[in-house]
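> Have a look at this one.
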Amino acid sequence: MYFLTMFQVISFLSSHKGKFAWGILLGATVLLTAYRHQQQGFSTEADSLKIGSFVEKDFPFISTPMDGRSLGAGFPTNNLAARTLAVKLGDEAFFTFDTDLLRWSIAWTKEFVPMALMAQVSYSDFFNKSNQLATIAGDPKLATGHYAGWKAGSSARLGEAIAERWGALPEAEGRWNGVYTLGPKIVLDYSVASAKVKEYPSHLKFDDQIAFTRSLKIDQMNEDLWLVAAHIANGKKVEQKRNMIYIYQGARQDTVTAISFIGKKVKNAQLRVQGDSLLAVQFSGAATWDGSIAIWKGPIGLVGDFEKACKKAKIDFPAYAPGGPGYWKKTITTQGVLSPDTAAYVTDKLTLPLPNPWKRNVRVSDIAFFKDGRAAVITFEGDVWIVNGLDKGLSNLQWKRFASGLNETLSIEVVDESVLVFSRGGIAKLHDLNADGEADYYENFSNAMSQSAEGREWAGDLVHAKDGSYYLAMGGSLSNGPGVTEQVAKGFRKGAALNGTIIQLSSDGKRVGVIATGLRGPYLGYHPEKDILTASDQQGNFVPSTPLFVVKKGDYYGVSPTVHRDDNPPIAPPLTWIPHHIDQSAIGQAWITGGKMGPLNGDLIHFSYGRPGLFRVLIDSSSRVLQGGVVAINADYPAPTSKGAVSPADGQLYVAGFNLWGSKSKGLSALLRLRYTGKDSYMPNHFRAGKEGVVLGFDSELDAESVLKAANFTVKRYNYKRTDAYGSGHFKLDGSTGEEPMAVRGAYLSADKKHVLLLIPNMVEVEQMELAYDIRAKDGHAMQDGFYFTINSVDPLNLKTFGFENVDLALLTKPMEQAEGVKQEQATVARGKKVFQTMACAGCHSEGTRTKGMYGPPFQGLYGTIRQFEDGSSTKVDDAYLRESILEPAKKIVKGYSPEMPSFEGILSDTDIASVSLYIQSLGEKQ
């Protein structure tokens, strides 16, 4: 039945009658829907998607922070790295290389790394947000502390503490350059002072023991170099031979950590012990060095066997320059699903490569384009796919895996036909050395931006600027995850130096400058022709609702824990605020360039993760301070929308997104094409606000009769309060709780029949206005929607420029007729359900028992139960508790949940709150 077309089903029904035929239709529809979901990369039940291991057997590394502070006796305790490669040297030997400090932070045996990071715990448990710090799973053998792994100079002091907790070494001291992938092997590439170092890590087996080997090719040495090989914190005795050093450990001195050169003849290098705890190698006397060392920890009785193994061993340094063999040689073919041309803008689905031979999950987070129209797609699990076949019909999509092993990747760019990926590890530039369609060299384009090991400090966004530089959005260091730095404010930890900022990176990736500060979770948009940078932030502590900004250098956006300056700057107003019930979680933006998107050409598009969906952003540039608003681009969005880009081939907007943090959508992931069909668009396209009211322009001509009825428009306004609480309620201009309805005294239609003037008295600066309209287009099309905007400046409107004549401005001062008393509405279950659906409650709470993907507790069976709170107290769920939870959600935090619910003070009426309580009560007991 999967292969029946709807045409065949309808043909069958035309020759059959009765319930049997309609039963066939229903069954066919269900099966066709399931098939379509399967082809789109979705499953009707998320748990039915079979996912393989996050750590793939044949790929040599993953990128990860690593916590080695509690390895046990004999190991340094100051061992926490934000950026490492966790490398598999075989089935039982592993190490992590700290790419910031150029050190082996830990080497161990037996088991690899528990999957604890956000991308890892949610990889197959799709809505799991219980991330932890990364640690090793096996037996630690070697470690170093938080200091430089290499030093230059004849009298270098090793193991010196670094003042800045996070970030890379100064380039003059050392720089991580990248890693070559060579099947199961890798070659590390870095610099120490002026010297160029290539390192091939491996291991040596003898008896039941494993020794770790480091083969080095050093060029351009013009001074001594020192390598810190291991830090032994409980050494009791040091013994040194010509080419070997032993440090005996433990009360009985029955364990030894040893270092040795491999081979019999070694020139221009000496083994050293510094400070009775650091095993080191000093390289001197030549411009180059080529050789290997081995480091081993084990029982003293096997020292002789270690010596013999080192003398006999021969390590061949692999050829890295030609590139390595491919890991994912198959190309996956999928067929997209075109949307019927039912509106001006529709979303076509690009079927994800699920399933695939590697059982790899594919949660797309961003997309970028090559000049020929091929796409580079990044996934949250750290993979890059190249997608071909993005033609009109999407009938032959070719998916080829290009790279892997990156850490929680949210942003990708294609610059000069090279792929750049921004992750928590920095910016990687990916090179295909042998033209086999896979990256062989993961170049460190930049790690100049510091990154902490905090689990909720996202590498948010990367865009390439017109002048060749780059803008980066650095996520704030949020405290609703496992913490490694001190709490600095409600909802925030100290984190890295520039968390919660927008920075500019030089074109060579070496220099960083601060553009704007005071953000919680920023994401970016950039107009490549007009050099306009925009940003969003995410509602939360210090962010009362979703803001959009046109970014200017020196701006401060109000989040005090990420101010990163001491001059008490003023808070720059956003272009617009967006109400929580309209956009609960903002992500990226994209400007429509290329001239092929009809009425949207030249516009700014905003991406909502929580709604989910896209918004058209209208900007009033005539005011003294920029102000704007948003209107939804109504289409089918089967999963959250996060990032997007316009294709240079077809000029359409491609949209990526995946589900994890709480969205009204339950789809796992989607890659969409927002396509312009050529049909009429009925969206607002122009906005002006001023002393006389609001002018709203539309893409299509309007029906005069419906527009001239002022009752067809409703307007209200309110402000927010910026505090350390999560989000904000709504407040009238006098500071009291609630929203102010605004009188629409008159409505006018312009001469071109595309603009509406609403006369609204008492227009003043206000953070949020909502304008709802119920009108018709000239062709009779019903237009029922809302426009959500901010007024930063109120100036007189030049009405004649919009084609408005004979406007009776006296209506603005004419006394209003006394309105009849408002009838008191009754609280009902139906009203409560409607509030639950329209106020974004459904994005965080299940009306059943579902907890996956939900930020808050489920509602089924909730009423009448006893709730346990994080502070150890408890209470019964009744009307009073529910009211308190709605108005003061941070007062009592349910055990196991984070304080991430905004207050609905001034948003919901007493009747609304009572209705929600009735609705929750109606959901009954748990099944």
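Computed from the coordinates by the stated procedures, all read-outs in this text should not be read as laboratory data. Small disclaimer: the values here were computed from a predicted structure and weren't measured. Cβ atoms come from the backbone with ideal geometry, glycine included; neighbour counts cover every protein chain shown.
> At what distance in nm do the modelled label points of Ile315 and Asp208 sit from each other, each positioned 7 Å from its Cα along Cα→Cβ?
Each label point is offset 7 Å from its Cα along the Cβ direction, giving 2.5 nm.
> Label 7 Å along Cα→Cβ of Ser621; the stretch 540-555 residues with amide nitrogen under 18 Å?
549-553
> Hey, what D do you get for the stretch 328-388 in µm²/s if you plug the Kirkwood alpha-carbon radius into Stokes-Einstein at 25 °C and 0.890 mPa s?
In µm²/s, the coefficient rounds to 186.
> If you add up the charges near Asn719, with Lys and Arg at +1 and Asp and Glu at -1, over every other residue whose beta carbon is less than 14 angstrom from its beta carbon, what do you get?
Values: positive: Lys716, Arg717, Lys721, Arg722, Lys732; negative: Asp734, Glu739, Glu740, Glu765, Glu767, Glu770, Glu905.
Combined, the nearby Lys, Arg, Asp and Glu give -2.
> At q = 0.13, 0.17 Å⁻¹, what is the log10 ratio I(q)/I(0) for the stretch 61-312, with the Debye formula run over Cα points and no solvent?
-0.79, -1.39
> Taking 8 Å as the Cα distance limit and 6 or more residues as the minimum spacing, I'd like the relative contact order of the chain as a percentage.
Details: 2466 pairs, mean separation 73.1, N = 927.
Reported relative contact order: 8 percent.
> Also, quick follow-up: Spin-label point model (7 Å from Cα, Cβ direction): what's the Glu111 to Asp531 distance in nm?
Each label point lies 7 Å from its Cα, and together they span 5.6 nm.
> Quick one: if the Förster radius is 41 Å, what FRET efficiency do Ser874 and Ala830 give, using the C-beta to C-beta distance and rounding to 0.05? Write out the running numbers ahead of the final one.
On the way: r = 31 Å, r/R0 = 0.76.
It comes out at approximately 0.85.
> Cα axis of helix 303-312 to longest principal axis of the chain: angle in degrees, 0 to 90, nearest 10?
On a 0 to 90 degree scale, this one is about 90.
> Using a 10 Å cut-off around each Cβ, can you sort Met839, Met474 from fewest to most neighbouring Cβ atoms? Walk me through the numbers before you get to the answer.
Values: Met839 19, Met474 29.
Placing the least packed residue first, the sequence is Met839, Met474.
> How do Ile775, Ile412, Ile515 rank when sorted from fewest to most other Cβ atoms within 10 Å of their own Cβ?
Values: Ile775 24, Ile412 27, Ile515 18.
Final ranking by Cβ density, sparse to dense: Ile515, Ile775, Ile412.
> Just name one of Pro902, Ala211, Asn499: the one whose Cα is farthest towards the positive end of the charge dipole of the chain (beta-carbon charges, Lys/Arg +1, Asp/Glu -1).
Toward the positive end, the furthest listed residue is Ala211.
> For Asp636 and Val764, calculate 0.36 nm times their separation in residues minus their Cα-Cα distance, and state this gained length in nm to one decimal.
On the way: separation 128, 0.36 × 128 = 46.08 nm, distance 3.65 nm.
Going from the current span to full extension adds 42.4 nm.
> Aspartates and glutamates near Lys895 by alpha-carbon distance under 17 Å, same-chain residues fewer than 8 away left out - which ones?
Of all the aspartates and glutamates, those that pass the test against Lys895 - Cα under 17 Å, at least 8 places apart if same chain - are Glu870, Asp871, Glu884.
> Enumerate the lysines that Lys265 could reach by cross-link, defined here as Cα to Cα under 21 Å, with residues fewer than 8 away along the same chain left out.
Here the lysines satisfying the reach criterion relative to Lys265 are Lys198, Lys217, Lys241, Lys308, Lys311, Lys312, Lys314.
> Which distance in Å, rounded to a whole number, links the C-alpha centroids of the stretch 286-336 and the stretch 591-607?
Here the two parts' Cα centres lie 51 Å apart.
> Further question: Average projected area of the Cα convex hull of the stretch 552-645, in nm²? Let's see the in-between values first.
Working: hull surface 31.9 nm².
Taking a quarter of the hull surface, the average projection is 8.0 nm².
> Turning to a different aspect of this structure: Evaluate E = 1/(1 + (r/R0)^6) for Lys895 and Asp724, where r is the Cβ-Cβ distance and R0 equals 22 Å; express this FRET efficiency to the nearest 0.05.
Values: r = 22 Å, r/R0 = 0.99.
Computed FRET efficiency for Lys895 and Asp724 comes out at 0.50.
> Would you mind computing, in nm to one decimal, how far apart the modelled labels at Ala163 and Ser793 are, each placed 7 Å from Cα along Cα→Cβ?
The answer from the label model is 4.3 nm.
> Taking R0 as 45 Å, what's the FRET efficiency between Leu433 and Asp305 from their Cβ-Cβ distance, rounded to 0.05? Please list the in-between numbers first.
Values: r = 39 Å, r/R0 = 0.87.
That pair, Leu433 with Asp305, gives E of 0.70.
> Rounded to the nearest whole Å³, what is the per residue volume of the convex hull around the Cα atoms of the stretch 684-812?
Working: hull volume 14.3 nm³, N = 129.
Taking the convex hull of the Cα positions in the stretch 684-812, it is 111 Å³ per residue.
> Also, quick follow-up: Could you name the lysines whose alpha carbon sits less than 25 Å from that of Lys800, not counting residues in the same chain fewer than 8 places away?
Once the sequence-local lysines are set aside, what remains near Lys800 is Lys691, Lys709, Lys753, Lys754, Lys778, Lys814.
> Oh, and also: Net charge near Leu278: determine it from the other residues with C-beta under 15 Å of the C-beta of Leu278, scoring Lys and Arg +1 and Asp and Glu -1. Could you put the intermediate results ahead of the total?
Details: positive: Arg103, Lys151, Arg157, Arg272, Lys297; negative: Glu160, Asp276.
Residues near Leu278 contribute +3 overall.
> Right, something else. Place +1 on the Cβ of every Lys and Arg and -1 on the Cβ of every Asp and Glu in the chain, take the dipole about the Cα centre, and give the residue among Ala81, Gly693, Phe787 whose Cα lies farthest towards its positive end.
Value: Ala81.
> Quick check: from the Cα gyration tensor, does the stretch 832-922 come out rounded (a/c under 1.5), prolate or oblate?
Here the stretch 832-922 falls in the rounded category.
> Using 0.36 nm per residue of separation minus the Cα-Cα distance, give me the extension gain between Ser53 and Asp734 in nm, one decimal. Please list the in-between numbers first.
On the way: separation 681, 0.36 × 681 = 245.16 nm, distance 5.70 nm.
Working it through step by step, the gained length comes to 239.5 nm.
> What residue among Trp458, Leu420, Phe445 has its Cα farthest toward the positive end of the dipole of the stretch 391-482, where the charges are +1 on Lys, Arg and -1 on Asp, Glu, each on the Cβ?
Of the listed residues, the answer is Trp458.
> Below 12 angstrom from the Cβ of Ala489, what's the summed charge of the other residues (Lys, Arg +1; Asp, Glu -1)? The partial results should precede the final answer.
Numbers: positive: Lys490, Arg493, Lys494, Arg520; negative: Glu486, Asp724.
Overall, the nearby charge balance is +2.
> Over the stretch 52-172, what number does the Rg to Rh ratio reach, with both radii from the alpha-carbon atoms and Rh per Kirkwood? Please report the intermediate quantities before stating the final value.
Values: Rg = 15.3 Å, Rh = 15.3 Å.
My calculation puts Rg/Rh at 1.00.
> Hey, another quick one. Suppose only helical runs count, i.e. DSSP H with n ≥ 4. What mean residue ellipticity at 222 nm does that imply for the chain under -39500 (n - 2.57) per run, divided by all residues and rounded to the nearest 500 deg cm²/dmol? If you can, show how the numbers build up before the last one.
Working: 8 runs with 80 residues, N = 927.
Helices in the chain give a 222 nm mean residue ellipticity of -2500 deg cm²/dmol.
> What's the angle, to the nearest 10 degrees (0 to 90), between helix 910-922's Cα axis and the longest principal axis of the chain?
60
> Karplus couplings for the stretch 406-414 from phi (6.51 cos²θ - 1.76 cosθ + 1.60, θ = phi - 60°), rounded to Hz, Gly and Pro as x?
8, 10, 6, 7, 10, 8, 9, 9, 10
> I need Asp567, Asp224, Asp372, Asp100 ordered by Cβ neighbour count within 10 Å, fewest first.
Working: Asp567 6, Asp224 17, Asp372 10, Asp100 26.
Least crowded to most crowded, the residues run Asp567, Asp372, Asp224, Asp100.
> Just one of (1) 57.5; (2) 43.3; (3) 41.0 is mean projected area of the Cα convex hull in nm² calculated from these coordinates, so which is it?
Read-out taken from this structure: (2).
> Expressed in nm to one decimal, what extension gain is obtained for the pair Lys185 and Gln274 from 0.36 nm per residue of sequence separation less their Cα-Cα distance? Could the numbers behind the result be given before it?
Values: separation 89, 0.36 × 89 = 32.04 nm, distance 3.13 nm.
Difference between extended and current length: 28.9 nm.
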